[in-house]
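Everything on this sheet refers to the single structure shown next.
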Amino acid sequence: MAKTYADINRRIREGNAVVFTADEIIGYVEEHGLKNAAKKVDVVTTATFGPMCSSGAFLNTGHTTPRLKMQSATLNGVEAYAGIAAVDLYIGATQMREEDALNNPYPGKFEYGGAHVIQDLVDGKAVHLEAKAYGTDCYPSGKADTWLKLEDLNEAFLFNPRNAYQNYNVAVNVSDRTIYTYMGKLLPKMANATYSSAGQLSPLMNDPLYETIGIGTRIFLGGGEGYIAWNGTQHATNVKRNSRGIPEGGAATLSLIGDLKGMSSNYLRAVSFTGYGASLAVGVGVPIPILDEKVLKRTTIKDSQISAPIVDYSYDYPNGTGKTLGKIDYESLRSGSIKVKGKDVPTGAISSYYKAREIASELKARIKKKKFFLSEAVQKLPANTVFKPMRQRGASK
Amino acid sequence: MKKKVTLEFPPEVIGKPVVNDVIKGYDVVVNIFKTMIKPNTTGMMGVEIEGAEKEINRALKFLKKNGVRVKPLEKEITKSEKLCTHCGVCVSVCPAFALSVDRKTFRVNFDKKKCILCGLCVDACPYRAINIEFW
């Protein structure tokens with residue numbers, strides 16, 4: 001018989017919930033069979049940890065006396081968007097310090113950006129706010145200059161427009177020079193390949209048709225708790241899928257929200273990609289309620305059953321040719337070496353499987369300790385969407 | 001010619017202006033690129049000495065005579081356990097297999113003995129967990 005969310009939460013409250021991580025569940029179902037396992041298991045925890053550029057935080061600094069309506073603001077020299085109400089700011093992960101050398105000289109180091117400001121706040125460090133204003137009758141002050149800690153802020157919440165991509169490219173470089181990309185450093189002549197998915201542990205790989213993960217789902221975010229706020233940007237569901245419904249490339253995405261005050265830099269970490277920019281590594285954990293056999297079956301997906309497209313980042317990606325050099329499964333990618341066009345290519349991951357496992361285990365522990373309860377989605381994610389290129393109107397090339 | 005060396009200054013030598021004596025007394029150019037000298041401990045200085053080979057050797061002999069230990073320049077790659085998230089992006093650029101992923105624990109291990117000090121991994125690490133140190 002099918003379980004309900006209420007059944008599962010009751011079992012969590014009673015301390016009887018049976019919880020597995022998405023990699024543990026594979027062996028468990030193989031041993032006990034789908035039918036028996038579905039009766040017994042309540043929750044499967046999924047997770048991912050990796051750089052997710054489309055991330056940032058809303059901050060409310062509180063008011064000065066006399067009041068100030070910020071027109072522009074920087075935090076440790078990084079511009080925060082002030083084009084919202086008087087003392088609300090949005091600090092984006094990839095914004096660089098105003099004096100940063102960027103990519104001149106190339107490749108730039110990108111040592112300090114918005115992601116670093118967010119990590120400094122989470123680490124309890126004071127950050128330097130400098131704000132300018134034009135002054136109004138109700139907000140007469142012209143500037144603010146102070147040091148703020150996370151505890152000083154009224155609200156500070158992460159609001160990431162696009163996280164937890166359902167599958168992603170494998171990046172290679174067929175050119176004759178080293179290139180520096182958001183997929184890391186790619187050596188010439190396909191001397192290495194990088195990939196970025198937790199595969200069999202990844203949230204949307206375990207619910208490929210968005211049957212339980214939806215708007216309103218409570219999640220583990222950056223060490224604290226958060227929610228799925230919306231589908232992510234570039235959410236594309238009308239893509240090629242394999243027989244298990246797994247997309248063969250980038251597909252659905254999630255927009256996530258959560259209180260920065262409960263987070264930790266163990267699960268929310270600033271990164272600097274040489275030659276590319278700053279980004280924020282985000283730890284995300286999503287529980288899947290085992291309502292029935294069908295839901296459980298989806299969570300038994302293995303790395304060998306998920307494949308990703310191999311894409312050249314020296315020409316095909318930047319020029320959007322849509323060409324691929326074939327596809328490869330995650331078991332092969334995780335083995336450390338793959339074959340591309342007859343060549344052995346060493347692989348490296350951008351997302352950390354080690355951290356993903358740690359997060360899935362941590363979420364499992366919280367559920368078992370009755371510290372985390374499941375929420376039913378209030379609305380399903382859109383399931384009939386495409387990702388369009390920019391429409392170019394006006395002057396021709 | 002140019003020669004890169006590490007100079008070690010035992011505590012009793014730190015007070016002596018030996019580097020100045022080298023610059024003044026020998027026909028060499030001394031370019032200091034790293035120093036670490038603290039009171040009462042052995043100080044370290046990484047220098048590049050430029051000049052005729054004979055003159056460089058005379059200068060180094062003078063330093064040795066004054067108690068400075070002269071060593072060929074050494075590089076060392078270090079990986080911070082605190083900063084490393086074990087993603088493994090460094091593993092794919094390491095030609096010496098010094099960086100590897102343990103397929104059971106999925107931790108990234110660094111075997112210093114295999115490292116050839118090429119430095120390819122340093123700017124490949126987005127967490128800045130890998131550093132190259134000269135000594």
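What follows is calculated from the coordinates using simple rules that are stated; it is not laboratory data. Here the structure is a predicted model, which means the values were calculated and not measured. Backbone-built Cβ (ideal geometry, glycine too); neighbour counts: all protein chains shown.
Decide, for segment A:85-229, between rounded, prolate and oblate: order the square roots of the alpha carbon gyration tensor eigenvalues as a ≥ b ≥ c, take rounded if a/c falls under 1.5, and otherwise choose prolate if a/b is larger than b/c, else oblate.
It comes out oblate by the Cα gyration axes.
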Among B:44, A:96, A:183, which comes first, then next, by fewest other beta-carbon atoms within 10 Å?
B:44, A:96, A:183
Distance between segment A:13-35 and segment A:138-182 - C-alpha centres, whole angstrom:
36
Quickly work out the residue A:371-to-residue B:118 label distance, labels modelled 7 Å from Cα along the C-beta direction, and quote it in nm with one decimal.
4.4
Put +1 on the Cβ of every Lys and Arg and -1 on every Asp and Glu Cβ in segment A:56-158; which of A:128, A:84, A:147 then has its Cα farthest towards the positive end of the dipole?
A:84
DSSP-loop GluC sites (Glu not before Pro) across segment A:220-298, with at most 16 other Cβ within 10 angstrom:
A:248
Relative contact order in percent for chain B (Cα pairs under 8 Å, 6+ apart) equals 25
Taking segment A:313-397, how many lysine pairs are there with alpha carbons less than 22 Å apart, if each pair must be eight or more places apart or span two chains?
13
Size of charge dipole - the protein assembly as shown - debye, nearest 20, with Cβ of Lys, Arg +1 and Asp, Glu -1, no other charges
1040
Taking a cut-off of 26 Å between Cα atoms, list the lysines near residue B:61, but don't count ones fewer than 8 places away on the same chain.
B:2, B:3, B:4, B:16, B:24, B:34, B:38, B:71, B:75
For a Förster distance of 25 Å, can you work out the FRET efficiency between the beta-carbons of residue A:266 and residue B:103, rounded to the nearest 0.05?
0.60
Roughly how far apart, in whole Å, are the Cα centres of segment A:203-266 and segment B:64-118?
36
Cα gyration tensor shape of segment B:6-81, rounded if a/c is under 1.5, else prolate or oblate by comparing a/b with b/c
oblate
Coil-residue trypsin sites (Lys or Arg not before Pro) of segment B:65-119, DSSP, other Cβ within 10 Å capped at 12
B:82, B:103, B:104, B:112, B:113, B:114
Can you compute 3J(HN,Hα) from phi for each residue in segment A:151-164, using the Karplus curve 6.51 cos²θ - 1.76 cosθ + 1.60 with θ = phi - 60°, rounded to whole Hz and x for Gly and Pro?
5, 7, 7, 5, 10, 8, 9, 5, 9, 9, x, 8, 10, 6
For segment B:122-130, in order, what is each residue's ³J(HN,Hα) by Karplus, 6.51 cos²θ - 1.76 cosθ + 1.60 with θ = phi - 60°, in whole Hz (x at glycine and Pro)?
4, 8, 7, 8, x, 8, 6, 8, 10
For segment A:78-99 and segment A:273-346, what is the centre-to-centre distance using only Cα atoms, to the nearest Å?
32
Would you mind computing Rg(Cα) / (2.2 N^0.38 Å) for segment A:56-158, counting N as its residues?
1.09
What's the Kirkwood radius of chain A in Å, using all Cα pairs?
22.3
For residue B:107, residues with placed amide H under 5 Å, excluding near neighbours:
B:102
Long-range lysine pairs (8 or more apart or interchain), segment A:99-228, Cα under 24 Å
7
Residue A:121: net charge of surrounding residues, Cβ under 11 Å, Lys/Arg +1, Asp/Glu -1, itself excluded?
-1
Sorted by chain and number, the residues with a modelled amide H under 5 Å from that of residue A:273, at a separation of 5 or more or across chains, are A:278, A:279
Answer rounded, prolate or oblate for chain B, using the Cα gyration tensor with square roots of eigenvalues a ≥ b ≥ c: rounded when a/c is under 1.5, else prolate when a/b is larger than b/c, else oblate.
prolate
Sites matching trypsin sites (Lys or Arg not before Pro) across segment A:142-251 that sit in DSSP coil, with at most 11 neighbouring C-beta atoms within 10 Å
A:177, A:240
